[in-house]
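The values are calculated or read from the model by the stated rules, or taken from the named source; none is laboratory data. Bear in mind that the values here come from a model prediction, so they are computed numbers and not experimental data. Note that we place each Cβ from the backbone using ideal geometry, even for glycine, and neighbour counts take in every protein chain shown.
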Amino acid sequence: MIETAKIVKVEKSSIIVKMENSSSCSSCAISGSCSLSSNSKTMIPKPKGVEFQIGDYVEFQMPEHLGATKLSVLLYGIPLIIFIGGTISLLDLTKIGNFWSLGLSLGGAGIYYWLLSRYSKKHSEKFSPYVVRKINPPMNVDLKTMGGDMK
């Protein structure tokens, strides 16, 4: 799904854009839990070879391989399995006690999140939205809510 946003800040290696909910947001699978909704500001890696200025408009899209189910499993499902499965396994297989089992399982989930964080930083281009193209101000967007002037 291609979205339109206004650039509010240009940094060395990224641009920060502000977008407004579009009509396509209501039909999206992750509507309501998306960080790109509700007039939020989002950081997008800056493509090489294109000059951006504050006030420019861009079209961008999320990577197609990232679906709501996949993200939910990565962020919630696997750590929950590590925590619950680890606790039950440690209680059944060892005699270390309840609190140690909970602590070690929580530590295992923490290690998972740490590894996921390292992986996502190393491969940020796979998980970040990407700019499709720079465009003229769209006519179907309320410029006032995106921080533009109405002149």
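Kindly check whether there is at least one residue in region 71-81 that is at pLDDT below 85 and of a type outside the set (V, I, T).
Within region 71-81, one or more residues are at pLDDT below 85 and of a type outside the set (V, I, T).
Find the helices (runs of 4 or more DSSP H) located wholly in region 60-137 whose residues include 1 or more that are touching a helix residue (DSSP H, G or I) at 6+ places or on another chain (Cβ under 6 Å), and list them.
Passing ranges, in order: 78-93, 98-122, 124-127.
Right, R133: modelled with pLDDT of 90 or more and closer than 30 Å to V10 by Cα or not?
No.
Please determine whether any residue of region 105-119 is of a type in the set (S, T, N, Q) and farther than 24 Å from M62 by Cβ.
Checked against the condition, which is being of a type in the set (S, T, N, Q) and farther than 24 Å from M62 by Cβ, region 105-119 yields at least one hit.
What number of residues within region 74-106 satisfy the criterion of being under 22 Å from the mean Cα position of the chain (by Cα) and surrounded by 14 or more Cβ atoms within 10 Å (Cβ to Cβ)?
Within region 74-106, residues that are under 22 Å from the mean Cα position of the chain (by Cα) and surrounded by 14 or more Cβ atoms within 10 Å (Cβ to Cβ) number 3.
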